[in-house]
Amino acid sequence: MRCLEKIASGERKMPDLRYGSAGGRLGAQALYVILENVIRNTAKHSLKDEEKWVNIYMTVKEYSEDLYEAVVWDTCGSANRQVGGKLLVKYLNDVIDDPIIDENGEVRPANWGVREMLICAAYLRQIPLENIEQRPLDLPLLAAVCCLTDTSRVLHHSCSL
């Protein structure tokens, strides 16, 4: 029986998790928004019809004294997928690098899930919205990275906390 099935049946208790960040409860909500978008994007764009389960993982490592890097990924093997004539990783990073406001002063209408993750990552780094286009040099706010594993290609969404 899978872990989630054991939790759903009451056989196993969900482990308590503790999380603290800049912004208190809003910081926690920002992390939830990032995770929700990864899960949504996996379900919408990566799952095959016959798949009922997907594994989504998250690791957190200390980058410096007050900066952590969170990496979230799924095991759908979607990194080889083409979107708009580009590999998914390249497409996502292009979306991340596009300014939220276009050259006419209008909000870009597409890819709001990725932009929402970028805004939340900026909030977690305590970067004001008016400075969101000035990306930090030490660790990207948000990046899609293709990582080869023994069994498949895994798409990582990396954001700094």
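Just so you know, all these numbers are worked out from the coordinates, no wet-lab data involved. Since the structure is predicted, the reported quantities are computational estimates derived from the model, not experimental observations.
Assuming 0.36 nm per residue, please report the length gained on full extension of the stretch GLU106 to LEU26 beyond their Cα-Cα distance. Write down the numbers at each step before the final one.
On the way: separation 80, 0.36 × 80 = 28.80 nm, distance 2.67 nm.
26.1 nm is the gain from fully extending GLU106 to LEU26.
Any chance you could run the full-extension gain for ASP94 through SER9? It's 0.36 nm times the residue separation minus the Cα-Cα distance, nm to one decimal. List each step's numbers first, then the result.
Values: separation 85, 0.36 × 85 = 30.60 nm, distance 4.26 nm.
Stretched fully, the ASP94-SER9 segment lengthens by 26.3 nm.
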